[in-house]
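What follows is a single structure, written as structure tokens, with notes after it.
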Amino acid sequence: MKLLARFFSIENRYLPPILITTILLAGQLSFGLLESFSRTALAIAAALLTELVLSRLITGKYANLASAYITGISVGILVRAPDFWPYALCSAIAITSKYVVRWKGRHLWNPSNLAIVAMLLLAPDYVSTLSVQWGNTLWPMLIVWVLGALIVWRVKRLHITAVYVISFVALSLLRSAITGHAFLAEVAPITGPMYQLFIFFMITDPKTTVRTRWGQCLVAFLVAAVEMALRLAQNVHAPYYALAIVGPLANAVEIWWASRSHVAPAPRVVAVA
Amino acid sequence: MELKQNHVRMRMRPAQAFVDVLFVALLCVPWAYRHVDSRRSALAASAGAASALASYGFHLQESSEAAGIHFSHSSPHLDSKLDHIREQVASMGAAVSVVDFDHDGLADFYVTNSGEGSKNALYHNLGNGKFEDVAPQVGLADVNLPGTGVSMGAVWGDYDNDGYEDLFLYKWGKPELYHNDGGKHFTRVTEQAGLPAWVNANTAVWLDYDGDGKLDLFVGGYYDERIDLWHLKNTKMMPNSFEYAVNGGRKYLFHNLGGGRFEEVSGKMGIASRRWALAAVAADLRGTGYPDLFIANDYGVSELYFNDHGRGFHEVGRQTGVGYAPKSGMTAAVGDVLNDGSFGIYVSNISEDGILVQGNNFWVPKTGTSGDKIQYENMANAMGIESGGWSFGAQFGDLNNDGLLDLYVVNGNVSLDRERSYWYDYSKVAGGNESIISDAANWPPLNGRSLAGYQQKRVWVNDGAGRFREVAQLVGVTDVYDGRSIALADFENRGVLDAVVANQNGPLLFYRNTVAEGNNWIEFELQGRESNRSAIGAHVTAFWKGRRQAQEVSGGSGFCAQNQRRLHFGLGKADAIERVEIRWPSGKLQTLAAPALNRIYKIEEPA
């Protein structure tokens, strides 16, 4: 029992990697979620290799690879491309960004979010993002939601996920009123697996979210709000862009505010990409 | 302590600068890749513009006007509950199938229309480069009457072995069988044949699955056959998943009992699926002498049914690797593109830059696998034939007679307003759960927007080294209609494959092919005796200059299409052909030693 409690504890930095690996394997073995195992393996390998090289180069030490693994696997699942090179490139951009796009020692962007947005903007003719579903029944989706919610609850980030989901659903109602489209059509995207990765792994990333609980809730709401605006503009990749816009702005404001108050925020240890 | 930290910082500065530069360089990679890619294309374009004929060995000229072909397809209106997405739902029905219906030695072709009350056409080849629509005279025009549904496609096969090709017409509605009365007239024999009252079908192929010498018929349902698209009880008729839908139409396998009667045996023979079939092709993939059946499904994985020596079928999609990753299968065509005697299977899917990149599939047998243990791998990317837009019909054929099969793919889904796209709303609902996606009422209205419209076609030339080069624009294929069905045939008996393209809500196009001088060819028109008279399933392998190429007489391939039954082999510069081996559906083997080149051989199955 103690072992189980320790496994599901906030100190266990391997909990998120285990969850995302479970999602990957379940999705691939049951529904053929991936473009191919080899492409995902390439994305993971590129992320791990880049992390090893850059951490040694910049810090003189080899970094723990849990975070890079999640980045690689996220890229491997979320990126869709016929060619192999976008997978390696996206992972490399994500990991490199951690060592470059920083302000006062902190990340501004979620690495995989930044890399995917960069690929969508710079290589739209070569890359798209995950669009498939978890089969055609509710069960696989519910299992992932329950498991994911359990994990983010244990790592004390469930409030972020909850605020985002509630905001998305509420704003779907608003969008429905504005567009005249069915509410179910507006709420449909959140039932897909892309959103499960988005709400459990991207928007909850400890290293790229603001520190205070209320701040995190506010940012989650703002991501959903900006996403709504982008959706009204018919942007297919609205959630990625919304996080890429709101996330760094929120972090920048907090870092600036902290520097005024001379309070050095302590980074958390849980590894999420 | 501070001194030490400063020292470390100083040491790390060059490293940090390096990483900063690396980051910028990584961001520039797509730009650089595109630059190299476009330079390569530009070089190809400039070379091709000088002379497509000299560069690629052929040129296609759209010649429907000169050929006297004036046909335009129209879509049905369906139930008013679907008005808001009518163009998306009613986006199929333009089809073409080639036949020599009157045995005059010239290939004719039948094209379908889909508006309620619209007329189909049978273009009779007059032999002078012109065609004449004779459908009204022979009784094959007025087949889309209100209440009977509308045409989706047609396939030709001599089901009663009387020497004349009969017509099976599949519809979203009542399927029809027409008997060919000596090439003069067609008689409707649907009731006698025992066909079902209503099938929302988008594919059918003739095959002799049990080798009894009588053609059987496979029909693949798309929408559930219990749905009448003109009288919907409710709007829950859309696929219940974008990738895993299993609420489509059932499949039918009609066993030919003789005497014009058929028995539906799909369940008994092991074919039970409610995936959304859009294309099927039957071919002997394992050298058993019996045709296997490949089905490309929209909204899901493809299915491959191995034929258990005519006693039944079993599904091996996952086992063989073709039924794993779900896509939007639109076409199925087989071809021996590597000239190694084995068939690859081409399946078109849908892709849109930056939104949905499924890529087309080309399933090639893995090295060292064959027979029941055959495994396929998708080589479309490696061979350069993956990116085809919202692809529909595709056919293999040697367009320049260089001895290698080329590939012609038509595409484009709904072309309405060029400036406004439906993609966002489409992707919004397509990713939703079954309860959302399956109800048409949840689909946002199209409102005149395009969905993957105005796309450039693909003509891929086989380089013989495992790569294809896309040359459509360079060889004269410049139309951007919503292409659906394509069929290839030698309409003038000159050893050259022309192309007929049926477009949704658009004109029928006739691309006349001009091939550069110097390449040789040979064609075989087979007629079964113990085997079915159409010789569908006959397997022919030509051997020349160390090469060998296999082809099979098909009872339907591509998307709602059928090529000419005659087999066409380009031979390049070869001045002789060593031998040709024919394996008839009956199992008989026949060898032709060193047949003369540049001729059409009419071969009857030996007694």
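The values are calculated or read from the model by the stated rules, or taken from the named source; none is laboratory data. All of these numbers come straight from a predicted model, not from anything done at the bench. Here the Cβ positions follow ideal geometry from the backbone for every residue, glycine too, while neighbour counts run over all protein chains shown.
So the values come out like this:
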read-out	value
Criterion: farther than 30 Å from B:Asn400 by Cβ, away from chain A (no Cβ under 14 Å) and either without any contact (Cβ under 8 Å) to a residue 24 or more places away in the chain or β-branched (Val, Ile, Thr) (or both) - qualifying residue of B:His309, B:His314	B:His309
Selected residue (criterion: farthest from the chain's Cα centre (by Cα)) from residues of segment B:297-312 that are surrounded by fewer than 24 Cβ atoms within 10 Å (Cβ to Cβ) and at pLDDT 95 or above	B:Arg311
Any hit, segment B:581-588, residues being part of a strand (DSSP E or B), of a type in the set (A, V, I, L, M) and within 18 Å of B:Gly397 (Cβ to Cβ)	no
All positions within segment A:122-138 that are more than 8 Å from chain B (Cβ to nearest Cβ) and either modelled with pLDDT of 90 or more or part of a strand (DSSP E or B) (or both)	A:Thr129
Matching entry among A:Ile95, A:Ile73, A:Ile77 (being within 14 Å of the chain's Cα centre (by Cα), within 12 Å of chain B (Cβ to nearest Cβ) and either surrounded by 24 or more Cβ atoms within 10 Å (Cβ to Cβ) or under 13 Å from A:Arg39 (Cβ atoms) (or both))	A:Ile95
Some residue of segment B:564-571 being in a loop (DSSP other than H, G, I, E, B) and basic (Lys, Arg)	yes
Positions within segment B:575-588 being within 30 Å of the chain's Cα centre (by Cα) and either surrounded by 12 or more Cβ atoms within 10 Å (Cβ to Cβ) or among the aromatic types (Phe, Trp, Tyr) (or both), in sequence order	B:Ile577, B:Arg579, B:Val580, B:Glu581, B:Ile582, B:Arg583, B:Trp584, B:Pro585, B:Ser586, B:Lys588
Scan of segment B:428-452 for residues that are buried (at least 22 other Cβ atoms within 10 Å of the Cβ) and either of a type in the set (D, E, K, R) or facing chain A (nearest Cβ under 8 Å) (or both), ordered by number	B:Lys428, B:Val429, B:Ala430, B:Gly431, B:Gly432, B:Asn433, B:Glu434, B:Ile436, B:Ile437, B:Asn442, B:Trp443, B:Arg449
Some residue of segment A:193-209 being under 30 Å from B:Ala441 (Cα atoms), crowded, with 17+ Cβ neighbours inside 10 Å, away from chain B (no Cβ under 14 Å) and in contact with a Ser or Thr (Cβ under 7 Å, 6 or more places away or on another chain)	yes
Of the criteria (1) more than 12 Å from chain B (Cβ to nearest Cβ); (2) at positive phi, which one A:Ala224 fails	(2)
Hey, B:Ser387 away from chain A (no Cβ under 13 Å), surrounded by fewer than 24 Cβ atoms within 10 Å (Cβ to Cβ) and within 21 Å of the chain's Cα centre (by Cα) or not	no
Residue check for B:Arg469: part of a strand (DSSP E or B), without any contact (Cβ under 8 Å) to a residue 40 or more places away in the chain and away from chain A (no Cβ under 14 Å)	no
Exclusive hit being in a strand (DSSP E or B), surrounded by fewer than 17 Cβ atoms within 10 Å (Cβ to Cβ) and of a type in the set (Ser, Thr, Tyr), set B:Thr187, B:Thr203	B:Thr187
Residue in segment B:492-499 that is in a strand (DSSP E or B) and under 15 Å from B:Val99 (Cα atoms) present	yes
Of the criteria (1) surrounded by fewer than 21 Cβ atoms within 10 Å (Cβ to Cβ); (2) closer than 28 Å to B:Ala487 by Cα; (3) within 14 Å of chain A (Cβ to nearest Cβ), which one B:Lys327 fails	(1)
Filter pass, B:Ala245 being free of Cβ contacts under 8 Å to residues at least 24 places away in the same chain, within 30 Å of A:Gly27 (Cβ to Cβ) and of a type in the set (A, V, I, L, M, F, W, C)	no
A:Glu227, sole failed condition from (1) modelled with pLDDT under 90; (2) under 30 Å from B:Ala325 (Cα atoms)	(1)
Condition met for B:Leu145 (surrounded by fewer than 24 Cβ atoms within 10 Å (Cβ to Cβ) and either at pLDDT below 95 or farther than 25 Å from B:Glu552 by Cβ (or both))	yes
Test: B:Ser351 is in contact (Cβ under 8 Å) with a residue 24 or more places away in the chain, assigned to a strand (DSSP E or B) and within 14 Å of chain A (Cβ to nearest Cβ)	yes
Tally of residues being within 14 Å of another protein chain (Cβ to nearest Cβ) and either in a loop (DSSP other than H, G, I, E, B) or not aliphatic (A, V, I, L, M) (or both) across segment B:367-384	6
Count of residues meeting criterion [surrounded by fewer than 20 Cβ atoms within 10 Å (Cβ to Cβ), β-branched (Val, Ile, Thr) and at pLDDT below 95] in segment A:154-178	0
Flag if B:Val500 is over 30 Å from B:Ser51 (Cβ atoms) and either at pLDDT below 95 or hydrophobic (A, V, I, L, M, F, W, C) (or both)	no
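One line per residue, one yes/no per condition, for (1) in contact with a helix residue (DSSP H, G or I) (Cβ under 9 Å, 6 or more places away or on another chain); (2) not hydroxyl-bearing (Ser, Thr, Tyr):
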{"site": "B:Thr187", "(1), (2)": "no, no"}
{"site": "B:Leu232", "(1), (2)": "yes, yes"}
{"site": "B:Asn240", "(1), (2)": "yes, yes"}
{"site": "B:Lys251", "(1), (2)": "yes, yes"}
{"site": "B:Phe254", "(1), (2)": "yes, yes"}
{"site": "B:Glu264", "(1), (2)": "no, yes"}
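Residue by residue, here is whether (1) away from every other protein chain (no Cβ under 14 Å); (2) outside any strand (DSSP E or B); (3) at pLDDT below 95; (4) touching a Leu at 6+ places or on another chain (Cβ under 7 Å) holds:
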residue: B:Gly211; (1), (2), (3), (4): yes, yes, no, no
residue: B:Phe218; (1), (2), (3), (4): yes, no, no, yes
residue: B:Tyr222; (1), (2), (3), (4): yes, no, no, yes
residue: B:Asn234; (1), (2), (3), (4): yes, yes, no, no
residue: B:Asn256; (1), (2), (3), (4): yes, no, no, yes
residue: B:Ala277; (1), (2), (3), (4): yes, no, no, no
residue: B:Ala282; (1), (2), (3), (4): yes, no, no, yes
residue: B:Ile295; (1), (2), (3), (4): yes, no, no, no
